[in-house]
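Structure first, then comments.
The values are calculated or read from the model by the stated rules, or taken from the named source; none is laboratory data. These figures come from a predicted structure and were not determined experimentally. As a convention, Cβ positions derive from the backbone with ideal geometry for all residues, glycine included, and neighbour counts pool all protein chains shown.
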């Protein structure tokens, strides 16, 4: 009888472990402009993730990493504010004016319900 009780407790503990929700980190699914793309003067940058984001803990920086005639010129892009889109999974930066010709890097950070900060980069060029 005692052996069955231990087995029943072990089975119940295992079923609770399987029933617990899986907590994963947000993953970047898409970006606009897309990674390594060459585009014409975008006025908005969007990053869509696999999970809903925590708005106050998620954001991005945009850096111009090169411009015509100055391939290694780094300059932080300013004058934009990020917001979370209506789906809760999209991070949107509306720029005050379209990006000029050059190469760019988006350095993003995202936090979802698991509260772990995930970071990454996306690069693209503007023609």
Segment 40-74: number of residues that are surrounded by 15 or more Cβ atoms within 10 Å (Cβ to Cβ) and closer than 17 Å to residue 127 by Cα: 8
Hey, residue 49 closer than 28 Å to residue 114 by Cβ and at pLDDT below 95 or not: no
Count - residues of segment 53-82 that are touching a residue at least 12 places away in the same chain (Cβ under 8 Å) and under 13 Å from residue 109 (Cα atoms): 10
Unmet requirement for residue 115, which otherwise passes all of (1) in a strand (DSSP E or B); (2) more than 14 Å from residue 31 (Cβ to Cβ); (3) touching a helix residue (DSSP H, G or I) at 6+ places or on another chain (Cβ under 9 Å): (1)
Counted residues, segment 104-127 - those being at pLDDT 95 or above, surrounded by fewer than 18 Cβ atoms within 10 Å (Cβ to Cβ) and more than 13 Å from the chain's Cα centre (by Cα): 4
Count - residues of segment 49-103 that are assigned to a loop (DSSP other than H, G, I, E, B), more than 18 Å from residue 27 (Cβ to Cβ) and under 21 Å from the mean Cα position of the chain (by Cα): 7
